[in-house]
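Have a look at the structure below before the remarks.
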Amino acid sequence: MSTFSGTFSITEASSPTEAGPARTETETAGRDHFIFRFSSSATACHGFWHGAALVLPSAFFVLYLGFHARSNVKKLSHRRSYVMIGYYGLLWFAALLNLSWCFLQIWQCTPGKQVAWNLLSLFATSAMLFLEISIVAFLLKENYASCLETLARTFMVSGLFVGVDLLLKVISIFGFGVPLFLDVEMADRGKWVVWFTNKLLLTAAYGYILLVHFSKWRDKLPPRPAFYNYVVVMFATTAVMLFACGLAGIRGGFGLWLYNLAVVCYHSLYLPFLYVTFLADFFKEEDWLLDSAYYSEMKDAGFFDADWE
């Protein structure tokens with residue numbers, strides 16, 4: 001009880017006529033700090049568990065890549081797969097950027113570091129978005145027998161989309177002052193309009209792929225179950241983030257919490273999920289085992305059903 005009284009004695013001494021409102025604002029700030037840590041610059045930095053949920057999975061994944069780097073590079077040089085070499089290099093680049101982003105969360109609430117934080121966030125998210133778009137675009141090609149040419153074309157198209165996305169975000173942040181990567185402006189509707197549009201486009205793209213999978217044009221899609229599992233997970237993730245952005249845009253506290261949770265999950269789990277889905281088998285299995293696994297997946301997907309008719 002003495003502690004509680006001492007807390008408000010400072011306020012009362014500085015402004016005795018406004019003791020009542022000062023107490024109400026202090027209690028409200030305390031609730032916001034406990035639930036979201038979004039309400040002011042003093043509580044903008046996230047807590048220990050938020051940082052741990054971001055840093056630990058990202059650090060463990062980079063350590064895992066580093067531990068297996070020597071053997072993986074040997075396999076890449078032996079098999080000379082330009083596709084795997086390209087995506088393995090991109091994975092390393094995105095993983096290191098993402099780890100830096102997770103470690104330097106304090107920058108978003110450090111005076112003088114907001115510009116550096118925005119630049120780091122732009123590069124980290126763009127690297128992950130480039131992986132996200134390019135790997136789907138590459139697998140959607142009907143014929144990628146000439147892998148190097150197809151990969152180069154895929155990278156050019158993906159780079160164009162990511163470049164436009166990056167340009168729009170730069171204009172929003174540095175041109176209109178929209179705090180896309182800062183949590184101190186939770187009431188800024190421009191921020192949620194930009195993110196809502198971004199997640200809407202991604203959700204529509206993944207949803208379209210799922211619809212085609214259940215249509216008569218199914219044979220135009222990759223005959224790999226792992227690809228559809230990936231699309232389902234990414235569709236669910238982007239749909240949750242889309243819903244959270246919509247709620248946050250109308251001042252929904254639950255939307256802020258849900259969006260923050262989805263961002264943590266994306267930055268800590270997406271790259272390991274991508275590696276396990278598309279790259280891990282290449283480094284674990286021998287060539288003939290890998291071909292057998294791909295054949296089994298194609299058979300399970302009904303790719304060879306026409307041969308039996």
**Fill in**
Going through (1) of a type in the set (Gly, Ala, Ser); (2) open to solvent by less than 40 Å² (accessible area, probe 1.4 Å); (3) closer than 29 Å to residue 55 by Cα; (4) more than 15 Å from the chain's Cα centre (by Cα) one by one, residue 177 fails only at (2)
**Checking residue 92 against (1) under 16 Å from the mean Cα position of the chain (by Cα); (2) outside any helix (DSSP H, G or I), the condition it does not meet** = (2)
**Fill in**
Only one of 194, 231, 212 is modelled with pLDDT of 90 or more and touching a Lys or Arg at 6+ places or on another chain (Cβ under 8 Å), namely 194
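Hey, can you tell me all the residues within region 65-98 that are of a type in the set (Phe, Trp, Tyr) and either touching a Lys or Arg at 6+ places or on another chain (Cβ under 9 Å) or without any contact (Cβ under 8 Å) to a residue 60 or more places away in the chain (or both)? Give the steps one after another, and end with the answer.
Within region 65-98, the subset of a type in the set (Phe, Trp, Tyr) is 67, 82, 87-88, 92-93.
Those that are of a type in the set (Phe, Trp, Tyr) and either touching a Lys or Arg at 6+ places or on another chain (Cβ under 9 Å) or without any contact (Cβ under 8 Å) to a residue 60 or more places away in the chain (or both): 67, 92, 93.
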**Message:** Criterion first (closer than 20 Å to residue 239 by Cα, of a type outside the set (Val, Ile, Thr) and either in contact (Cβ under 8 Å) with a residue 40 or more places away in the chain or open to solvent by 50 Å² or more (accessible area, probe 1.4 Å) (or both)) does residue 192 satisfy it?
**Reply:** yes
**Message:** Among the residues that make up region 126-146, is at least one of them in a helix (DSSP H, G or I), aromatic (Phe, Trp, Tyr) and surrounded by fewer than 17 Cβ atoms within 10 Å (Cβ to Cβ)?
**Reply:** no
**Request:** Please state which one of 101, 107 is part of a helix (DSSP H, G or I), free of Cβ contacts under 8 Å to residues at least 60 places away in the same chain and surrounded by 18 or more Cβ atoms within 10 Å (Cβ to Cβ).
**Result:** 107
**Complete:** When region 180-189 is checked residue by residue, the ones that are surrounded by fewer than 18 Cβ atoms within 10 Å (Cβ to Cβ) and within 15 Å of residue 244 (Cα to Cα) are 187, 188, 189
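Say we look at region 228-238 and pick out the residues that are buried (at least 18 other Cβ atoms within 10 Å of the Cβ) and of a type outside the set (Phe, Trp, Tyr); which of these is farthest from residue 194 (Cα to Cα)? Walk me through how you get there before you give the answer.
So the first thing to find is which residues in region 228-238 are buried (at least 18 other Cβ atoms within 10 Å of the Cβ), and the list is 230-231, 234-235, 237-238.
Imposing the further condition that a residue be of a type outside the set (Phe, Trp, Tyr) reduces the set to 231, 234, 237-238.
Numbers: 231: 23, 234: 19, 237: 17, 238: 14 Å.
Among those that are buried (at least 18 other Cβ atoms within 10 Å of the Cβ) and of a type outside the set (Phe, Trp, Tyr), it is 231.
Answer with yes or no whether residue 166 is surrounded by 15 or more Cβ atoms within 10 Å (Cβ to Cβ) and not in a helix (DSSP H, G or I). Full working, then the answer.
Details: surrounded by 15 or more Cβ atoms within 10 Å (Cβ to Cβ): yes; not in a helix (DSSP H, G or I): no.
Against the criterion (surrounded by 15 or more Cβ atoms within 10 Å (Cβ to Cβ) and not in a helix (DSSP H, G or I)), residue 166 does not qualify.
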**Request:** Among residues belonging to region 247-264 that are open to solvent by 60 Å² or more (accessible area, probe 1.4 Å) and assigned to a helix (DSSP H, G or I), point out the one that is nearest to residue 126 (Cα to Cα).
**Result:** 261
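Quick one: in region 212-227, which of the residues that are aromatic (Phe, Trp, Tyr) and farther than 24 Å from residue 270 by Cα is surrounded by the fewest Cβ atoms within 10 Å (Cβ to Cβ)? Spell out how you get there, then give the answer.
In the first step, residues of region 212-227 are kept if they are aromatic (Phe, Trp, Tyr); the result is 214, 217, 227.
Next, only the ones that are farther than 24 Å from residue 270 by Cα stay: 214, 217.
Details: 214: 8, 217: 10.
Here the residue is 214.
So which residues in region 110-121 are surrounded by 17 or more Cβ atoms within 10 Å (Cβ to Cβ) and more than 12 Å from the chain's Cα centre (by Cα)? Walk me through it before giving the result.
Keep residues of region 110-121 that are surrounded by 17 or more Cβ atoms within 10 Å (Cβ to Cβ), which gives 114, 117-118, 120-121.
Answer for region 110-121, where residues must be surrounded by 17 or more Cβ atoms within 10 Å (Cβ to Cβ) and more than 12 Å from the chain's Cα centre (by Cα): 114, 117, 118, 120.
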**Request:** Could you tell me whether any residue of region 260-277 is more than 25 Å from residue 103 (Cβ to Cβ) and either polar (S, T, N, Q) or touching a helix residue (DSSP H, G or I) at 6+ places or on another chain (Cβ under 6 Å) (or both)?
**Result:** yes
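The values are calculated or read from the model by the stated rules, or taken from the named source; none is laboratory data. Values in this document were obtained by computation on a predicted structure and should not be read as measured data. Neighbour counts run over all protein chains shown; Cβ positions are idealised from the backbone, glycine included. Side chains included, ligands, DNA and RNA excluded: accessible areas come from the protein's heavy atoms. Shrake-Rupley method; radii C 1.70, N 1.55, O 1.52, S 1.80 Å.
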